[in-house]
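Chemist: Please see the structure below; I have some questions.
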Amino acid sequence: GAVVSQHPSWVICKSGTSVKIECRSLDFQATTMFWYRQFPKQSLMLMATSNEGSKATYEQGVEKDKFLINHASLTLSTLTVTSAHPEDSSFYICSARSDRANYGYTFGSGTRLTVV
Amino acid sequence: KNQVEQSPQSLIILEGKNCTLQCNYTVSPFSNLRWYKQDTGRGPVSLTIMTFSENTKSNGRYTATLDADTKQSSLHITASQLSDSASYICVVSLGTYKYIFGTGTRLKVLA
């Protein structure tokens, strides 16, 4: 089946530093990947759509200069949280669309980011 | 406005009991509806997917139903187990890359 690997699974960083989260499709190519943020007890909120070889499409209210997305290959997308603040602490999840998953989402396991 | 509403918000049941989660949507155009299970601190995992013409879909102890006329779906869990404790998310697709997520139902199964 389609597998999406996300790394790291959790990270703690100091305010003002940057954190990079990786999302890899292990057994399929994903021209499009998606990044979500999820606060406790809330649903997934789409942050941006990551397109291989082109600029990401950000949802309204998401700062593109703060959440840098790079999709340099068909199997890897990265999300960098720049100049992190405590309010950026959240659960970040990536997903990719695969025909092996009946054209549905396959989600990564998520990254718990804590900014102190 | 495209919306997906789930009920109840949270549910507590005893191990071995059955339960049913509800999903009502006002989404157009409708492509398909999926149920996901999300364990705490993990990414969602797909349980079922149904298109407009499908009324029911099973995956082990999970059975999803879809009534496209009333725009309602349900997820029935049979003989619940402790490992069923999780959030269950209903997601409706409008088409390519367009998804509306429900807020989820948090299920807790007690021994």
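Chemist: Just want the answer: with Cβ charges of +1 for Lys and Arg and -1 for Asp and Glu, which residue in A:G61, B:N18, A:G16 is farthest toward the dipole's positive end in the protein assembly as shown?
Modeler: With unit charges placed on the Cβ atoms, the residue in question is A:G16.
Chemist: I want the local charge near B:S80. Using Cβ-Cβ distances under 13 Å, sum +1 for each Lys or Arg and -1 for each Asp or Glu among the other residues.
Modeler: On the way: positive: B:K17, B:K37, B:R61, B:K108; negative: B:E15, B:D84.
It works out to a net charge of +2.
Chemist: Using a cut-off of 12 Å between beta-carbons, work out the net charge of the residues near A:I21 (Lys and Arg +1, Asp and Glu -1, A:I21 not included).
Modeler: Details: positive: A:K20, A:R24, A:R37, A:R112; negative: A:E22, A:D88.
Local net charge: +2.
Chemist: Can you give the average number of partner chain beta-carbon atoms within 10 Å of each beta-carbon in peptide A:3-10, as a whole number?
Modeler: Neighbouring Cβ atoms belonging to other protein chains average 1 per residue here.
Chemist: What trypsin sites (Lys or Arg not before Pro) does the range B:1-104 have in DSSP loop regions with at most 15 other beta carbons within 10 Å?
Modeler: Hits after loop and neighbour filter: B:K1, B:K17, B:R61.
Chemist: DSSP loop chymotrypsin sites (Phe, Trp or Tyr not before Pro) in the range A:40-116 with at most 14 other Cβ atoms within 10 Å of their Cβ, which ones?
Modeler: A:Y103
Chemist: Could you check which residue among B:L75, B:L14, B:L66 shows the biggest mean-square fluctuation in a GNM of chain B with a 10 Å Cα cutoff?
Modeler: Result for chain B, Cα springs under 10 Å: B:L14 fluctuates most.
Chemist: Oh, and also: Counting DSSP beta bridges with both partners in the protein assembly as shown, what percentage is antiparallel, nearest 5? Please list the in-between numbers first.
Modeler: On the way: 77 of 86 bridges.
Percent antiparallel among DSSP bridges in the protein assembly as shown is about 90.
Chemist: Could you derive backbone 3J(HN,Hα) for the range B:68-74 from the dihedral phi with the Karplus parameters 6.51, -1.76 and 1.60 (θ = phi - 60°), listing whole Hz in sequence and x where the residue is Gly or Pro?
Modeler: 5, 6, 8, 6, 10, 9, 9
Chemist: In addition: Just to confirm the filter: which trypsin sites (Lys or Arg not before Pro) across the range A:29-103 are DSSP coil and have at most 11 other Cβ within 10 angstrom of their Cβ?
Modeler: A:K41
Rule-based calculations on the coordinates, nothing more; no lab input. Because the structure is a prediction, the values reported are computed rather than measured. Positions of Cβ are generated from backbone atoms using ideal geometry, with glycine treated the same way; all protein chains shown enter the neighbour counts.
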